[in-house]
Amino acid sequence: MRLPQVGAAFDPRAVPRDRESAIAVLRRAVELGVNHVDTAAFYFSRLRSANELINRALAPYPDDLVIATKVGPRRDAAGESLPRARPEQLRGEVERNLRELGRDHLDLVNLRVGGPGPIAEHFGALAELRAAGLIRHLGVSGVSPEQLDEARAIAPVVCVQNAYGLGFRAGQDALVRRCGRLAIAYVPFFALAREGRERGAGVAELAEVAAVAAARGATAAQVRLAWALHQGPHVLVIPGTGSVAHLEQNVAAGSLELAPDELALLDAAHERAG
């Protein structure tokens, strides 16, 4: 999401990111051992498409690389939001991802929901595309536990991608644990989020996060990512960045082993703030 533009995501006025810089981030990620890239056809700026950048930087793709995309939201060529895709429009969205990524199948497609209501008709349309061989695995994004159950009654679900982080949407804790029991990957987006928005400059950090970061010689963002990863081996974080230096810091967070007392401190802060 961060690769096509500098500044706010989905802002039609955002400045396109330097192409070679974006490609360098993708190639460095693979060099560092990253094998899960999250994208979508609706991640684009006036001159850059995330899918096209991934294709240019990484094709021919490594055998172990999983490219996860999502369908549901739509934007017009100018970047303005369109009505969400209807079930019969999802095949076109899947085929667009295939074309842009230069693939004959998609590893993982998440149905992006993001609101209440039934999802069977939409998820069923994706299940048909899975049966046809265009998709290998299905996931859901922005869903409630009830919507997850609805999807699982139609086809196997390998991934739940919801907004979640330390001190952010603690109501998701039960779903995180349930996904672990079901062997479903839980993939939090906005793992650096706080107070309902992606964390950025000028947002006060939790004192507990700052204390652990100072004691470990790490950044607050690294502590937040490490905490998310400590929620279980089924948890995969997808922090976005357009900077190689920021990418390297994020990847290093995977090696940050938090001690039991640090986890207890951060868990308490999560429950209080979330």
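All of the numbers you see were taken from the coordinates with simple rules; none came from a lab. All values reported here derive from a predicted model rather than from experimental measurement. Glycine also receives a Cβ, built like all others from the backbone with ideal geometry; neighbour counts cover every protein chain displayed.
Quick notes
- Each residue in Ser255, Ser243 was given a count of other beta-carbon atoms within 10 angstrom of its own, and listing them fewest first yields Ser255, Ser243.
- Computed extension length for Asp104-Ala132: 8.9 nm, one decimal, from 0.36 nm per residue of separation with the Cα-Cα distance subtracted.
- Our estimate of slack between Ser81 and Asn35, defined as 0.36 nm per intervening residue step minus the Cα-Cα distance, is 13.5 nm.
- Residues Val25, Val244, sorted so that the one with the fewest Cβ neighbours within 10 Å comes first: Val244, Val25
- Label-reachable residues, the range 9-37, where backbone N falls under 20 Å from a point 7 Å from Asp63's Cα toward its Cβ: 30-37
- Order of Val160, Val187 - criterion: other Cβ atoms within 10 Å of each residue's Cβ, fewest first: Val187, Val160
- The range 45-200: C-alpha gyration tensor shape, a/c 1.5 cut-off, then a/b vs b/c: rounded
- A cut-off of 5 Å between modelled amide H atoms, ignoring neighbours fewer than 5 places along the same chain, links Ala185 with Cys159, Val160.
- Total formal charge among the other residues, if their Cβ is under 15 angstrom from that of Ala259, Lys/Arg +1 and Asp/Glu -1: -4
- Checking every one of the GluC sites (Glu not before Pro) in the range 65-128 against DSSP loop status and a limit of 11 other Cβ atoms within 10 Å picks out Glu80.
- Karplus 3J(HN,Hα) series, Hz, for the range 179-184 with 6.51 cos²θ - 1.76 cosθ + 1.60 (x for Gly, Pro): 4, x, 5, 8, 6, 9
- Radius 13 Å from Cβ of Pro116, net charge of other residues (Lys, Arg +1; Asp, Glu -1): -2
- For trypsin sites (Lys or Arg not before Pro), the sites in the range 1-45 that DSSP calls loop and that have at most 14 other Cβ atoms within 10 Å are Arg13.
- Compared with the direct C-alpha span, the chain from Ala259 to Leu47 gains 71.8 nm at full extension, assuming 0.36 nm per residue.
- Relative contact order [Cα under 8 Å, 6+ residues apart], the range 121-274, whole percent: 23
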